[in-house]
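The values are calculated or read from the model by the stated rules, or taken from the named source; none is laboratory data. Source: prediction; values computed, not measured. Note: accessible area is taken over every heavy atom of the protein model, side chains too, but ligands, DNA and RNA are not part of it. Shrake-Rupley method; radii C 1.70, N 1.55, O 1.52, S 1.80 Å.
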Amino acid sequence: WGNSVNVCMDTTSVPRWDEERRIAGGGRYVTVLSFGDAALDQARSLVSSFEGRRVDWIRLPEEWGDTAAQILERQASAARVGWRLALVGPEAAVLAARSAAVTAGLLDDEILPLPVDSAARTVYCAHCHSTHVADVAVGQSSTCPTCASGLVVHHHVSRLHAAYLGFAADTEERR
C-alpha cells in the first residue's frame with residue numbers, strides 16, 4: 001500500500017463538507033456550537049447570517065467531550081419544530097457532535113457542519129475497536145495507542161462512530 005492510496009472520492013464516505021454546507025429553510029431557532037478559538041470568527045459570521053431567527057451561540061472547548069455532549073443533549077431535548085443546529089470547529093469535534101445530534105433524532109437537513117481547518121482526525125482501529133485522535137491525512141499511517149497496530153487511515157468515515165477507519169497496513173500479507 002505504501003503511504004498513499006488512490007481512490008475515487010465519489011465512492012468514499014469521506015465528508016464532502018462543501019456539499020454539506022446547507023441547512024434546511026424554515027428554521028426559526030438556531031443553536032450554534034463552536035469548538036475552540038479557531039472557530040470563533042467563522043461562528044461569529046454565521047451567527048450574524050441568521051438574521052430574523054432566534055440564535056443561541058454556545059462556545060465550547062476545542063475537543064468533543066462530556067461537557068459538549070451534555071450541552072448538545074440538553075439543547076436537542078428542548079428542541080421544537082423549526083430548530084436547526086450549526087457545528088463549527090475542528091473536524092473531529094464536528095463529526096462527533098453531528099453523530100450525537102443524529103443519535104438524538106436530528107435529520108441531516110437540520111444540521112449544518114462547518115469544520116475549520118484541522119489536521120486532527122479521529123481514527124477507529126478495526127483491530128481493537130478503540131478510537132484515537134491523530135494528526136494524519138487520509139491514506140497515511142498512524143499507530144493505535146491501545147494495541148500498537150500500525151494503521152492506514154482509510155477513505156471511509158463512520159458518521160455513527162465519528163471516525164475514519166484505520167486498518168493494519170499489512171492486513172493482506174497476514175493471510
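Quick rundown of the values:
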read-out: Accessible surface, the range 77-153, averaged per residue in Å² (probe 1.4 Å); value: 41
read-out: Residue order for Glu51, Glu62, Glu110 - accessible surface, 1.4 angstrom probe, largest first; value: Glu51, Glu62, Glu110
read-out: Overall Cα dimensions of the range 74-175 - principal axes, largest extent first, Å; value: 53, 26, 20
read-out: The range 133-172 - convex hull of alpha carbons, volume per residue in Å³; value: 77
